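What follows is one structure encoded as structure tokens, with my remarks underneath.
Derivation of every value follows stated rules applied to the coordinates shown; laboratory data play no part. Just so we're clear, the structure is a prediction, and the values are computed from it rather than from any experiment. For neighbour counting, all protein chains shown are included, and Cβ atoms are generated from backbone atoms with ideal geometry for every residue, glycine included.
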């Protein structure tokens, strides 16, 4: 039988503390531990401490049980608990979890190093989007008024043309055949609703 404990928890190591809140503390601590073991934790300070000191130096504990607290009340309690920890003794990066965009603050102003940029580039280059998905996205944008009336310069049109030619030159014969097939052209002529219905993108 699962035991759900709602409230605040702490992660401690080498005199520093991380405070968090959850509606299911045991499960949340399991998640934290798993991310740290994989080297994928969203808090880089906590992750560096794990890499430096090891799992044996960490303790994961319940700080306070708050069984009747709502989600907002848990975040407020978390904020107050963080504020009570001296600056040099806390792992928390986001000091006020009640504010919007709390997770975006983790990487705000952070610059990726060369290795991270290379990895993201490699992943993006190897990504293949199915033809049906591309067609659905194209039809979804049909009638987009964002660039209506926009007049591009001759230089811009030339660059666009060269880019299109480059994409075409990299396509395999099968990809070129699909791109110019009557079925593809027919999909473009149909209305968005009919295409989506026929291909099962909505129920």
Contact order relative to length for the range 7-100, counting C-alpha pairs under 8 Å separated by 6 or more residues, stands in percent at 42 percent
Quick note on 150, 46, ordering by fewest other C-beta atoms within 10 Å, gives 150, 46
Computed over all unlike Cα pairs, the Kirkwood hydrodynamic radius of the range 7-100 in Å stands at 13.5 Å
Each label sits 7 Å from Cα toward the beta-carbon; between residue 158 and residue 61 the label points are separated, in nm, by 7.1 nm
For 18, 4, ascending order of other Cβ atoms within 10 Å (fewest first) is 4, 18
